[in-house]
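Quick notes on the structure that follows.
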Amino acid sequence: MNAPRAHELGIIGCHVCGLVCREPAMDQAACPRCGAALHRRKHDSIRRTWALLLAAFILYIPANVLPIMRTVSLGDVDDNTIISGVVELWVKGSPSLAVIVFTASIVVPMMKFLVLGTLLVTTQRRSRWALRQRAMLFRLVEFIGYWSMLDVFVVALLTALVRFGFFSQVGPLPGVVFFGLTVILTMFASMSFDPRLMWDGPDHD
């Protein structure tokens, strides 16, 4: 037996404070607790999520191509991209930090692009495929999305290595800015996506 839906019970949840309210008789109504407008679905969720996700993907290209940090050691100047920075950390004896940077900079963003893209396509097609698994993937993306910001602070971590003699000087370069914007846009994309749209199905009005 399928559980009854909120609209069948005549209730609606506030998107701001979470208060469960009786469905308003008029189209425009406000939450009695916080005053926010009540609506069943996030407005224009699919298109806004696509726009943010595509913008993030475009910015992710220069984030990987442009150098993110400059290291100066004994007069040698070396500009590193994300990948070369990971290699540099590994070679210089910091494998744990290299793994953290690689996971936060490569694995997490690519996973978010793949998962959110899959959710958008299947939701637009009103597919009933693996609904529970897709909902779990969305929650996972929400949970780990904030950790991808670790790479923005990697220069600060590298600066701390000066006392150990690995580098004499470390500085940020434009790639960090593009990566930071990528992280912010993917966070907004996951916030814009309304996972309840996945459950509407082809029979939903």
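Table: residues versus (1) assigned to a strand (DSSP E or B); (2) of a type in the set (Val, Ile, Thr); (3) open to solvent by 70 Å² or more (accessible area, probe 1.4 Å).
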site: CYS34; (1), (2), (3): no, no, no
site: ARG41; (1), (2), (3): no, no, yes
site: LEU52; (1), (2), (3): no, no, no
site: ALA56; (1), (2), (3): no, no, no
site: ILE61; (1), (2), (3): no, yes, yes
site: GLY85; (1), (2), (3): no, no, no
site: VAL99; (1), (2), (3): no, yes, yes
site: PHE102; (1), (2), (3): no, no, yes
site: PRO109; (1), (2), (3): no, no, no
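Counting only helices (runs of 4 or more DSSP H) wholly contained in the stretch 120-205, the ones carrying 1 or more residues that are at pLDDT 85 or above and surrounded by 15 or more Cβ atoms within 10 Å (Cβ to Cβ) occupy 131-145, 174-192.
Pick from the stretch 16-32 the residues that are open to solvent by less than 70 Å² (accessible area, probe 1.4 Å) and within 27 Å of the chain's Cα centre (by Cα): which of them is modelled with the lowest pLDDT?
Initial filter on the stretch 16-32 (open to solvent by less than 70 Å² (accessible area, probe 1.4 Å)): 17-19, 21, 24, 29-31.
Now narrow it down to the ones that are within 27 Å of the chain's Cα centre (by Cα): 17-19.
Working: CYS17: 78, GLY18: 74, LEU19: 81.
In this case the residue turns out to be GLY18.
Among the conditions (1) closer than 25 Å to PRO172 by Cα; (2) open to solvent by 20 Å² or more (accessible area, probe 1.4 Å); (3) modelled with pLDDT of 80 or more; (4) not aliphatic (A, V, I, L, M), the only one that ARG70 does not satisfy is (3).
Pairs linking a residue in the stretch 180-198 that is free of Cβ contacts under 8 Å to residues at least 24 places away in the same chain to a residue that is open to solvent by 10 Å² or more (accessible area, probe 1.4 Å), with Cβ atoms under 7 Å and 6 or more positions apart or on different chains, do not occur. The number of residues in the stretch 108-131 being touching a residue at least 12 places away in the same chain (Cβ under 8 Å) and among the small types (Gly, Ala, Ser) comes to 1.
The values are calculated or read from the model by the stated rules, or taken from the named source; none is laboratory data. Because the structure is a prediction, the values reported are computed rather than measured. Note: ideal-geometry Cβ built from the backbone for every residue, glycine included; neighbour counts use all protein chains shown. Please note that ligands, DNA and RNA were not included when accessible areas were found on the heavy atoms of the full protein model with its side chains. Shrake-Rupley method; radii C 1.70, N 1.55, O 1.52, S 1.80 Å.
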